[in-house]
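**Q** Pasting a structure here, questions to come.
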Amino acid sequence: MIVSMTGFASAKGQGAGASWAWDMRGVNGRGLDLRLRLPEGIDRLEAAVRAELGRRIGRGNVSLTLKLARDSGANGLRINPAGLRAALAALAQIDQVARAQGLACAAVSPAEVLALRGVAETGADPDEADSAPLVAALMDSLAELVDAFQAMRAAEGAALAKVIEDQISRIADLAREARALAEARRDQMAEALRANLSRVLENTAAADPDRVAQELALLAVKSDVTEELDRLDAHVAQARKLLRAEGPVGRKLDFLMQEFNREANTLCSKSQNAALTQVGLDLKLVIDQMREQIQNVE
């Protein structure tokens, strides 16, 4: 069953001292292009996310955004003991030098000390900085997000499959119509060739009848569209098979569209019949419409 490259999913969760919100969107793409917007400072998260998406998604431009908020306990203000000792030592040294120069320094309040660089920090304590639990929780949430994303793409794919199946059936009908027209014109073309041969022989005394007959036979072969119609039938069968195949088939279907179009072009160039030419043009129209739909297939 085919899958669309278009999809959207969002999810929220909390755990491991944080809460988060995922947002995932997918559109058409030649390959798999992942565009991630993840918070910094979470070891191994991006690598894990890319691996998971690469395993689950075959093709498309996929944008993934994660908004993360630490719980208040994890983001509280804390004192850096080493920074505090260094700041107090520096203040004491300044006071000693000032006194030696006969200067008096004003007393420094605790709030002013707290404002000095390196004394106070926000965020998780370094002893609690192991991000493995958070990464595990986020990856569990991501798996559910991708499930929802893929479900939407599958639903879109089912709708696409119905449209494409109808277009394939239309191509098959037109191919049968072209075969009937080609059969009906066979006697007309044979009679026209015989008339042409007779006319050439009557007006060209020096012409070699055998050579003229060979040339006219070659024209008859060049106007035969049986092979093109046979290949169209084969392409129809292959397209229907791909619609029911597992895994990404968009590239294969896109290549098949080129083959469909090639046969329709050749049919038009060889038709020498207004009705048959019109069928060829109708084929080209359906094939172009089908190609537009297939651009959405993973």
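FYI, it's all coordinate maths here, none of it is from the lab. Quantities reported herein were computed from a predicted structural model and do not represent experimental measurements. Quick reminder, even Gly has a Cβ in these numbers, built from the backbone with ideal geometry, and neighbours come from all protein chains shown.
**Q** Report relative contact order for segment 77-122 in percent, whole number only (criteria: Cα-Cα under 8 Å, sequence separation at least 6). Walk me through the intermediate numbers first.
**A** Working: 33 pairs, mean separation 31.1, N = 46.
With pairs under 8 Å counted, the relative contact order is 68 percent.
**Q** Straight-line reach from residue 252: which lysines have Cα under 25 Å away, leaving out those fewer than 8 places along the same chain?
**A** Of all the lysines, those that pass the test against residue 252 - Cα under 25 Å, at least 8 places apart if same chain - are 162, 241, 284.
**Q** Which of rounded, prolate or oblate describes segment 1-97 when judged by the alpha-carbon gyration tensor and an a/c cut-off of 1.5? Write out the running numbers ahead of the final one.
**A** Working: a/c = 4.61, a/b = 3.08, b/c = 1.50.
Verdict is prolate for segment 1-97.
**Q** How high is the FRET efficiency between residue 19 and residue 55 when r is their beta carbon distance and R₀ equals 30 Å, given to the nearest 0.05? Don't skip to the answer; put the middle values down first.
**A** Values: r = 26 Å, r/R0 = 0.87.
Result of the calculation: an efficiency of 0.70.
**Q** Still on this structure, please answer the following. Efficiency by 1/(1 + (r/R0)^6): what FRET value for residue 230 and residue 272, r their Cβ-Cβ distance, R0 = 22 Å, to the nearest 0.05? Let's see the in-between values first.
**A** Numbers: r = 19 Å, r/R0 = 0.86.
Efficiency computed from Cβ-Cβ geometry: 0.70.
**Q** What nm value, rounded to one decimal, do you get for the distance between residue 147 and residue 112 when each label is placed 7 Å out toward the C-beta?
**A** Between residue 147 and residue 112, the simple spin-label model gives 5.9 nm.
**Q** Moving to a separate point now. Rounded to the nearest 0.05, what FRET efficiency is calculated for residue 105 and residue 71 with R0 set to 35 Å and r the Cβ-Cβ distance?
**A** Working: r = 41 Å, r/R0 = 1.17.
Plugging the Cβ-Cβ distance into 1/(1 + (r/R0)^6) gives 0.30.
**Q** Report the extension gain between residue 254 and residue 97 in nm, rounded to one decimal, defined as 0.36 nm multiplied by the number of residues separating them, less their alpha carbon distance.
**A** Values: separation 157, 0.36 × 157 = 56.52 nm, distance 8.06 nm.
Here the segment from residue 254 to residue 97 would lengthen by 48.5 nm.
**Q** Extending each Cα 7 Å along its Cβ direction at residue 177 and residue 245, get the distance between those two points in nm, one decimal.
**A** According to this spin-label approximation, the distance is 2.9 nm.
**Q** Still on this structure: Using modelled amide H (1.01 Å from N, peptide plane; none on Pro or chain starts), what sits under 5 Å from the amide H of residue 80, excluding residues fewer than 5 places away?
**A** It is 120, 121, by chain and number.
**Q** OK, next. Quickly rank 35-46, 5-16 as a protection proxy: mean count of other C-beta atoms within 10 Å, highest first. Walk me through the numbers on the way to the answer.
**A** On the way: 35-46: 13.2, 5-16: 17.2.
Order by mean packing, descending: 5-16, 35-46.
**Q** Residues with amide H under 5 Å of residue 32's amide H, sequence separation 5 or more or different chain, H placed in the peptide plane at 1.01 Å from N; which?
**A** 60
**Q** Out of all DSSP beta bridges in segment 18-99, what portion is antiparallel? Express it as a percent rounded to 5.
**A** On the way: 10 of 16 bridges.
In segment 18-99, DSSP labels about 60 percent of beta bridges as antiparallel.
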